[in-house]
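All remarks here apply to the structure that follows.
The values are calculated or read from the model by the stated rules, or taken from the named source; none is laboratory data. Treat the numbers as computed from the prediction; the structure is a model and nothing was measured. No Cβ is skipped: glycine too gets one built from the backbone with ideal geometry, and neighbour counts run over all protein chains shown.
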Amino acid sequence: MTLLADPHLRFEPAVADPDAPRELVILGSTGSIGTQAIDVVLRNPDRFRVVGLSAAGGRVELLAEQALKLGVAVVAVARPEAAEPLRAALAAGAPAGAKLPEILAGPDAATELAGMECHSVLNGITGSIGLAPTLAALRAGRVLVLANKESLIVGGPLVKAVARPGQIVPVDSEHAALFQALTAGSRREVRKLVVTASGGPFRGWSREKLAGVTKEQALAHPTWAMGPVVTINSATLVNKGLEVIEAHLLYDIPFERIEVVVHPQSIVHSMVEFTDGSTMAQASPPDMRMPISLGIGWPDRVPDAAPGCDWTKAASWQFFPLDTEAFPSVGLAREVGRLGGTAPAVFNAANEECVEAFLQGRLAFTGIVDTVAKVVAEHGTPQQGTSLTVEDVLAAESWARSRAQAIAAG
C-alpha cells in the first residue's frame, strides 16, 4: 500500500510559475499553528506568499491585521456574524483606496478556500471540522501540509481514497520527525516507529492522584504552548493516542510496530528503528516553526526557521516507558484504530465533548478517558470499508457527542 506521507516522493501541483514564491493558503491562521506559520512566511518573503487565510471568526482584528500585512486575496470566517466586523476591521486598517480582500463566510468557507489556486494548503484548524477542507485541498491537487490530525483520523479511508502519493506532508512535530527519519531507508527496512511523548504535566502521577487534577494544572503544559483542547489532550495523552492512529495511516505501519516512549525534554521528536538495529532520531528544541517550515517548504529546508540544539552545553535526555495504567488513552486509541471505520470519529468526538465538560468543571480529569471508553464500547461495530462516507462520519460524531454529554451529565 502506498504511503500517504512518503518522504521519498515529491508531489508537484500544477502552478502558473514554479519559479515564483510558493503560494500558500493557511487555514486556522489566528491559532497557534497559523500564527507561527505566518512568522515563518514574513521572514522569508522571497520563498512564500500567502494568498488566502481562514479562521473561526473569534479574533477578527488579528485576522484583518494578518490579511493586510500579507496582502492576501481572500479571507474566510466560519462564523457568518463575523463577516461584517471583519470587513470593518479590514477597511479601518487598509490604506485609503486600497483593494480589500474578498470575504467568504459560513461553515463551508474554509472548505471553499482550501480549493483555491495555490501550491500548498496548511490545515491548522483544530478538530474534526478540518476534514472537509482536507478533502477539498487534496481533490484540488494541492500539497496538503497537515497539522489537523483529526481530519485524517476521523476520515482515514476518505482521505486515503483521494490523496496521491507524497501529497500530504505532516506538521505535527512527531510526524515531521518520522517523515525525516524515514528518508534513511526504504519502507521494507523499517522495523518500528517510536513516537515520543513529553508525558505532559502529570508524568509519574498515579491514577488515584490524577483523579483530583484541576483545570489550571491540566492547562499548564511544561513544554508546549498550545490551545486548550490540545493542551488537555496532551495531559491525558489522548493526543499521543491520536498520533499513533495518524502514524499508522500516514506511513502504513501496523499498530504493533508503533511504540510510544516518554521523553520529558521534548528534544527527540520521534524515531525510526530499522531492521539492522539502527535508530534514526530527529532532534531539535521544542519549536513548532521547524516542522511548519519543513511542511510548507518541502523538499527544501528553510534556513534559520527555528533555533537548533546548542551542542556546546551539557544536556541529558531521558526516556521512560509509558504508564498504561495511569494513562490508558494510548491503548484505547490503538483499539479504535484497529476497529477503523467510524470508530476513530466516535473516539475523537467523544473526547472533544469530555474535554469541554472537564474545562467547565462537569467532569473529573480521569473521567475524560473513562467516558470516551464507554462511548466507544457502546458504539459497537463501526461502519467499515469503501462504503464509508462523510455523512457516516458526521452521523457517528453527532451520536458520540450526544452520548458523551449524557454520560458526563451522569
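Can you tell me which residues in segment 274-287 are outside any loop (DSSP other than H, G, I, E, B) and closer than 19 Å to Pro170 by Cβ? If the condition is that a residue be outside any loop (DSSP other than H, G, I, E, B) and closer than 19 Å to Pro170 by Cβ, then Met280, Ala281, Gln282, Ala283 are the ones that fit. If you go through segment 264-297 and pick out every residue that is crowded, with 20+ Cβ neighbours inside 10 Å, over 15 Å from Leu193 (Cα atoms) and of a type outside the set (Ser, Thr, Tyr), you end up with 8.
Are any of the residues in segment 34-45 more than 30 Å from Thr231 (Cβ to Cβ) and at pLDDT 95 or above? Checking segment 34-45: at least one residue is more than 30 Å from Thr231 (Cβ to Cβ) and at pLDDT 95 or above. Looking only at residues that are in contact with a helix residue (DSSP H, G or I) (Cβ under 7 Å, 6 or more places away or on another chain) and surrounded by 19 or more Cβ atoms within 10 Å (Cβ to Cβ) in segment 389-404, which one is nearest to Ser151 (Cα to Cα)? Step by step, filter segment 389-404, then rank; the result is Val393. Hey, does segment 304-317 have a residue that's in a helix (DSSP H, G or I) and crowded, with 18+ Cβ neighbours inside 10 Å? No: zero hits. For segment 176-208, filtering for residues that are touching a His at 6+ places or on another chain (Cβ under 8 Å), in a strand (DSSP E or B) and of a type outside the set (Ser, Thr, Tyr) leaves 1. Restricted to segment 218-233, and to residues there that are within 14 Å of Thr126 (Cα to Cα) and not aliphatic (A, V, I, L, M), the residue that is modelled with the lowest pLDDT is Gly227. Of note, Leu339 satisfies the criterion of being of a type outside the set (Gly, Ala, Ser) and within 28 Å of Phe202 (Cβ to Cβ). Scoring Arg301 on the criteria (1) surrounded by 19 or more Cβ atoms within 10 Å (Cβ to Cβ); (2) in contact with a helix residue (DSSP H, G or I) (Cβ under 7 Å, 6 or more places away or on another chain); (3) closer than 30 Å to Glu23 by Cα leaves a single failure, condition (1). With respect to Ile253, determine if the residue is touching a residue at least 60 places away in the same chain (Cβ under 8 Å) and either under 16 Å from the mean Cα position of the chain (by Cα) or surrounded by 24 or more Cβ atoms within 10 Å (Cβ to Cβ) (or both). In short, no. Given the criteria among the charged types (D, E, K, R) and at pLDDT 95 or above, does Lys215 qualify? In short, no.
Residue count for segment 198-240 satisfying the condition of being loosely packed, with under 14 Cβ neighbours inside 10 Å, small (Gly, Ala, Ser) and farther than 18 Å from Lys149 by Cα: 5.
The residues listed here are Ala409, Ala349, Ala373; of these, the one that is buried (at least 21 other Cβ atoms within 10 Å of the Cβ), under 29 Å from Lys215 (Cα atoms) and outside the structural domain of Gly155 (by TED's automatic domain parsing) is Ala349.
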